[in-house]
Amino acid sequence: QVQLVESGGGLVQAGGSLRLSCAATGSIRSIDAMRWYRQAPGKQRELVAAIISGGSTSYADSVKGRFTISRDNAKNTVYLQMNSLKREDTAAYYCNADISEYGTWRFRAYWGQGTQVTVSS
């Protein structure tokens with residue numbers, strides 16, 4: 001059973017930093033793209049950042065220059081370094097990854113349980 005386990009959320013003052021981690025565990029043959037999404041109360045879930053297996057990255061305009069996504073393929077882990085945090089970054093952050101399990105070549109999307117990030121003024 002593949003699982004994504006997130007950690008690193010919390011309460012931080014505006015201008016501060018946090019680092020989120022998401023580790024994929026289970027019978028994993030391969031991981032393709034890994035992503036971070038967020039969802040604020042009353043808003044739709046939005047894509048924050050993505051990184052493919054080769055290392056290329058992409059970001060939402062709202063976080064460019066402040067957030068950095070990275071991954072450790074040996075640890076099946078993706079990170080989100082968040083700097084210069086703003087109140088509008090307050091949301092539940094979710095990890096998402098396209099994973100192929102042993103026994104199949106098919107990739108399917110998995111989601112983490114979410115971790116709360118709250119930025120105070």
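Can I get the semi-axes of the chain's equivalent ellipsoid? Compute them from the C-alpha gyration tensor as square roots of 5 times the eigenvalues, in angstrom, largest first. Display every interim value, and only then the final one.
Values: eigenvalues 134, 37, 30 Å².
Equivalent-ellipsoid dimensions as semi-axes: 26, 14, 12 Å.
If you average the sequence gap of Cα pairs under 8 Å that are 6 or more apart and divide by the length of the chain, what percent do you get for the contact order? Mind dumping the intermediate values first?
Working: 302 pairs, mean separation 43.1, N = 121.
This gives 36 percent for the chain.
Can you tell me the length gained on complete extension of the stretch residue 70 to residue 32, counting 0.36 nm per residue apart and subtracting the Cα distance? It would help to have the intermediate numbers written out before the result.
Working: separation 38, 0.36 × 38 = 13.68 nm, distance 1.32 nm.
Here the segment from residue 70 to residue 32 would lengthen by 12.4 nm.
Local charge sum around residue 101 (other residues, Cβ-Cβ under 12 Å, Lys/Arg +1, Asp/Glu -1)?
With Lys, Arg at +1 and Asp, Glu at -1, the net is +2.
For region 17-66, what D do you get in µm² per second when you plug the Kirkwood radius from alpha-carbon pairs into Stokes-Einstein at 25 °C and 0.890 mPa s?
Numbers: Rh = 12.8 Å.
After rounding, the answer is 192 µm²/s.
Relative contact order for region 68-121: what percent, with Cα pairs under 8 Å and sequence separation of 6 or more? Provide the component values of the computation, followed by the final result.
Values: 67 pairs, mean separation 17.8, N = 54.
Normalised by residue count, the contact order of region 68-121 is 33 percent.
No lab work stands behind these numbers, since they all come straight from the coordinates. Remember, predicted model here, so these are calculated numbers, not experimental data. Ideal geometry is used to build each Cβ from the backbone, glycine not excepted, and the neighbour counts take in all protein chains shown.
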